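Dropping a structure here in structure tokens format, bear with me for questions.
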Amino acid sequence: MWFSKFLSFLSLCCLLTACGFHPLYTPNQCGDISYPIKIATILDRDGQILRNYLVDRLTPEGSPAHPKYTLEINLNDAIRSTGIRRDETTSRMEAILTASLILKDAKTNKVLYTHTVRTVNSYSILNQNYYSDLVAAVYARREAIRLLSDKITLYLTNYIDSHP
């Protein structure tokens, strides 16, 4: 019984290596996990935070000296009421962040990849405690920005790995 499980596991490993499967967040042939991307400045404080997250994920050793790609991001945000109480006051809010990505070739400035990424994060509104509402709103926006950076990183690394 265990031999058949071992044999099926071994054959699965052989098939995965034959199809070109490789882990996304591991060092490549050069020994690093950074990508040759110059990330343009993004407007507003939320844009600065998003850019810092992306720099940490895509270029952890610092900005490349000779980038192959340039990434431009337009960030839009909205806040929407989702929960309404009987007295018509809001009990729940959503922080919606939308980022439009444009990946360009650094030499020719030709657009290589465009995509729109959206995240939604919600938080509760309490009746009398205004400070906790403010802290919840700030935390929800920061968490939405972090989730947005994770999605952007995933899309970009998949594109760059599939188009060498």
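List the residues, sorted by chain then number, that are 5 or more residues from S122 or on another chain and whose placed amide H is less than 5 Å from its amide H.
HN-HN under 5 Å from S122: A95.
Give a quick list of GluC sites (Glu not before Pro) in the range 53-121 that DSSP marks as loop, anything other than H, G, I, E or B, with at most 14 other Cβ atoms within 10 Å. Intermediate values should be presented prior to the final figure.
Details: sites: E61, E72, E88, E94; in loops: E61, E88.
Filter output for the range 53-121: E61, E88.
Another one. Name the most mobile residue of T82, T114, T41, meaning the one with the largest mean-square fluctuation, in a Gaussian network model of the chain with Cα contacts below 10 Å.
T82
Right, here's the next one. When the chain is treated as a GNM, springs tying every alpha-carbon pair under 10 Å, which of A137, A99, A65 comes out with the largest mean-square fluctuation?
A65
Could I ask something else about it? Assuming R0 = 30 Å, what is the FRET efficiency of A137 and I102, from their Cβ-Cβ distance, to the nearest 0.05? List each step's numbers first, then the result.
Numbers: r = 29 Å, r/R0 = 0.97.
Step by step, r from the Cβ atoms, then E = 0.55.
Quick one: how many lysine pairs does the chain have with C-alpha atoms less than 12 Å apart and a gap of 8 or more or different chains? Give me the count, please. Kindly include the intermediate steps, with their values, before the conclusion.
Working: K38/K68; K38/K104; K38/K107; K68/K104; K68/K107; K68/K110.
Going through the chain pair by pair, I get 6.
Return the calculated 222 nm mean residue ellipticity for the chain, to the nearest 500 deg cm²/dmol, obtained by summing -39500 (n - 2.57) across DSSP H runs with n ≥ 4 and dividing by the residue count.
Values: 3 runs with 65 residues, N = 164.
For the chain, the value works out to -14000 deg cm²/dmol.
If I take every Cα pair under 8 Å that is 6 or more residues apart in the chain, average their sequence separation and divide by the length, what percent do I get for the relative contact order?
Working: 231 pairs, mean separation 27.9, N = 164.
Across the chain, relative contact order equals 17 percent.
Shifting gears a bit: If you line up the long axis of helix 130-162 against the longest principal axis of the chain, both from Cα atoms, how many degrees apart are they, to the nearest 10?
Computed tilt is about 20 degrees.
In what sequence do D46, D77, D56 fall when counting other Cβ within 10 Å, fewest first?
Values: D46 20, D77 15, D56 11.
Exposure proxy ranking, most exposed first: D56, D77, D46.
Every read-out reported here was derived from the displayed coordinates using simple, explicitly stated rules and does not represent laboratory data. For clarity, every value in this text was computed on a predicted model and none was experimentally measured. Backbone-built Cβ (ideal geometry, glycine too); neighbour counts: all protein chains shown.
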